[in-house]
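Working notes, beginning with the structure itself.
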Amino acid sequence: MTGEHCDKVLLVQAEFDGEIDAAQAAELAAHRAGCPVCRAAAAELAQTRELLRGADLYQPMPDAVRGTILSRIAATRPAPPARRRWFAGWRQGWIGFGLGAACAAGLAFLLLAPSQQPLVEELVASHIRALQPGHLEDVVSTDRHTVKPWFDGRLDFAPPVKDLAAAGFPLKGGRLDYVDGRPVAALVYQRDKHLIDLFVWPESSRLAGAPREATESGYNVVHWSADGMTLWAVSDLEAGQLADFARDWRQKP
């Protein structure tokens, strides 16, 4: 990055649209922490999304509605130079696209960005996304002594990895994922033909009231905390068996 430009700023838009994978999202989060241009871009997108809430985005946009929205954007407080330069180019391209149904569909993605989803929904969405071919594991191994060190240098914490093969839940591998606004570890276990994602990251007081069990879109979720970590198991496995997995994991040294 030089001056007020950054060649990664378009990735910020892609992240809001849900078009980058977990590894790219983790890299972007690390980059954004030290890049004011990308932070400004993310803030501008979030602000625009809030301004557009309530608009009927699934219909062609009349000129009057377009004028109202642009007026509301213009009425916001002046942005710093880096934000103005980035947003001016983005808005010009947006207006030139016609603000019709196709643009409305793109804006709808902003309104439904993963960062706005409740945590349980976000976890289930991450699990479903990982089930697509080639997305389940970054490291494939049944050996915890291979999987655990793979995360070294890729995360700012060391996730606990346990061998549960004797309990009927063999380890398959792991991957980086991005949940609750931060990079996390996703450990992959299996029970018969059912896959289990175990998401792990440092415990936060913000999650103190999180549900211990939940069901979302046909998937079961079990949550617990151990050794300073928050753990979330997600699977289409029957709820009782997923609870058994959580129990066996907690009891395993």
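The values are calculated or read from the model by the stated rules, or taken from the named source; none is laboratory data. These numbers were taken from a predicted model, which means no experiment stands behind them. All Cβ positions, even for glycine, are placed from backbone atoms using ideal geometry, and neighbour counts span all protein chains on display.
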Among (1) out of contact with any helix residue (DSSP H, G or I) (no Cβ under 9 Å at 6 or more places or on another chain); (2) closer than 29 Å to Arg32 by Cα; (3) not basic (Lys, Arg), where does Pro253 come up short?
(2)
Quick one: count up the residues across the stretch 185-199 that are within 20 Å of the chain's Cα centre (by Cα) and over 12 Å from Val234 (Cβ atoms).
1
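Take the conditions out of contact with any Gly (no Cβ under 8 Å at 6 or more places or on another chain), on the phi > 0 side of the Ramachandran plot and at pLDDT below 95 and apply them to Ser217. Does it pass?
On the way: out of contact with any Gly (no Cβ under 8 Å at 6 or more places or on another chain): yes; on the phi > 0 side of the Ramachandran plot: yes; at pLDDT below 95: yes.
Yes: the conditions hold for Ser217.
With the requirement that a residue be surrounded by fewer than 16 Cβ atoms within 10 Å (Cβ to Cβ) and part of a strand (DSSP E or B), what does the stretch 225-239 give you? Step through it out loud before you land on a result.
So the first thing to find is which residues in the stretch 225-239 are surrounded by fewer than 16 Cβ atoms within 10 Å (Cβ to Cβ), and the list is 225-228, 238-239.
Result: Ser225, Ala226.
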Going through the stretch 157-207 one residue at a time, which ones are touching a strand residue (DSSP E or B) at 6+ places or on another chain (Cβ under 9 Å), of a type outside the set (Gly, Ala, Ser) and assigned to a loop (DSSP other than H, G, I, E, B)?
Phe157, Pro159, Pro160, Val161, Lys162, Asp163, Pro170, Asp180, Glu203
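Is there a residue in the stretch 142-151 that is among the acidic types (Asp, Glu) and exposed (fewer than 14 other Cβ atoms within 10 Å of the Cβ)?
Taking the stretch 142-151 as the starting set, the residues that turn out to be among the acidic types (Asp, Glu) are 143.
Retained after the next criterion (residues that are exposed (fewer than 14 other Cβ atoms within 10 Å of the Cβ)): 143.
Checked the stretch 142-151: at least one residue is among the acidic types (Asp, Glu) and exposed (fewer than 14 other Cβ atoms within 10 Å of the Cβ).
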Scope the stretch 104-147; condition assigned to a loop (DSSP other than H, G, I, E, B), among the polar types (S, T, N, Q) and either modelled with pLDDT of 90 or more or under 16 Å from Asp236 (Cβ atoms) (or both); matching residues:
Gln132, Ser141, Thr142
Can you tell me which of (1) surrounded by 17 or more Cβ atoms within 10 Å (Cβ to Cβ); (2) over 17 Å from the mean Cα position of the chain (by Cα); (3) at pLDDT below 90 is the one Arg77 doesn't meet?
(1)
